[in-house]
Amino acid sequence: MPFPKLSTAPREEQRPVRVLFVCLGNICRSPSAEGVFRHYVTEQGAAEDYEIDSAGLIAVHEGELPDGRMRAHAARRGYTLDSRSRPISYEDFFYYDYIIGMDEQNRERLLALAPTAELQEKVSLLPEWSERPARDHVPDPYYGGAEGFEHVLDLLEAILPDLYRHTHRR
Ligand code: 4NP
């Protein structure tokens, strides 16, 4: 008797959870969120369970590595930020499960760009995932000093484990 044919297509709930972090330029906050979250899920042994990316709301830095200051501060904590800036696309709203902005302006822009009301439901603000009362946004460090970059990393390290607990399927 022949073996029954097994489907190789992953069942929907077995495929990786797709997370897209979004900020304005995609050179400071969202690539850091991508790098810190990837580092964290890998530490949890869950690297295979996630597909993680980041994107920007403006395209002026398209193709660039993250800001040198952001990379240097992240490297001191053991994170390698090597993504390339890209603007968010129409298709991203269909592909990703979670589209996570860093501040209220990001969220408003994401809600305006979402192709349908149903797809708007994928949009959230990163601090909303925090289990502890925290900041209501991740402030843009681009025009400030060193402490702004450290502050971004502090917030990401505090909030992203909570995002993991709420989104991990297994
Ligand atoms: P990000 O920071 O949104 O955290 O990547 C910014 C980077 C660049 C600009 C604004 C914010 N910019 O206007 O070029």
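Values for this structure:
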{"item": "Every pair of residues 6+ apart whose Cβ atoms lie under 6 Å, when the first sits in the range 28-53 and is closer than 26 Å to Asp103 by Cα while the second is of a type in the set (Lys, Arg)", "result": "Glu51/Arg18; Ile52/Arg38"}
{"item": "Residues (open to solvent by 40 Å² or more (accessible area, probe 1.4 Å), closer than 24 Å to Arg18 by Cα, within 15 Å of the ligand (Cβ to nearest atom) and in a helix (DSSP H, G or I)) located in the range 92-150", "result": "Glu104, Gln105, Arg107, Glu108, Arg109"}
{"item": "Residues that are closer than 24 Å to Leu110 by Cβ, under 16 Å from the mean Cα position of the chain (by Cα) and away from the ligand (no atom under 16 Å from the Cβ), drawn from the range 50-90", "result": "Tyr50, Glu51, Ile52, Ser89"}
{"item": "Residue list for the range 100-125, filter: among the hydroxyl-bearing types (Ser, Thr, Tyr) and within 24 Å of Val152 (Cβ to Cβ)", "result": "Ser124"}
{"item": "Top-ranked residue of the range 18-49 - restricted to ones that are more than 16 Å from the ligand (Cβ to nearest atom) and among the hydroxyl-bearing types (Ser, Thr, Tyr), ranked as most open to solvent (accessible area, probe 1.4 Å)", "result": "Thr42"}
{"item": "Every pair of residues 6+ apart whose Cβ atoms lie under 6 Å, when the first sits in the range 15-26 and is on the phi > 0 side of the Ramachandran plot while the second is surrounded by 19 or more Cβ atoms within 10 Å (Cβ to Cβ) and not in a loop (DSSP other than H, G, I, E, B)", "result": "Asn26/Ser54; Asn26/Ala55; Asn26/Gly56"}
{"item": "Any hit, the range 30-52, residues being farther than 23 Å from Tyr164 by Cβ, modelled with pLDDT of 95 or more and not basic (Lys, Arg)", "result": "no"}
{"item": "Within the range 14-36, tally of residues that are touching a Leu at 6+ places or on another chain (Cβ under 7 Å) and within 16 Å of Ser124 (Cα to Cα)", "result": "3"}
{"item": "Residue in the range 69-89 that is most open to solvent (accessible area, probe 1.4 Å), counting only those that are in contact with a helix residue (DSSP H, G or I) (Cβ under 7 Å, 6 or more places away or on another chain) and among the basic types (Lys, Arg)", "result": "Arg69"}
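The values are calculated or read from the model by the stated rules, or taken from the named source; none is laboratory data. Because the structure is predicted, anything quoted here is derived from the model rather than measured. Cβ coordinates were reconstructed from backbone atoms using ideal geometry, including for glycine residues, and neighbour counts include every protein chain displayed. The protein model used for the area step is the full one, side chains on, heavy atoms only, and it has no ligands, DNA or RNA in it. Shrake-Rupley method; radii C 1.70, N 1.55, O 1.52, S 1.80 Å.
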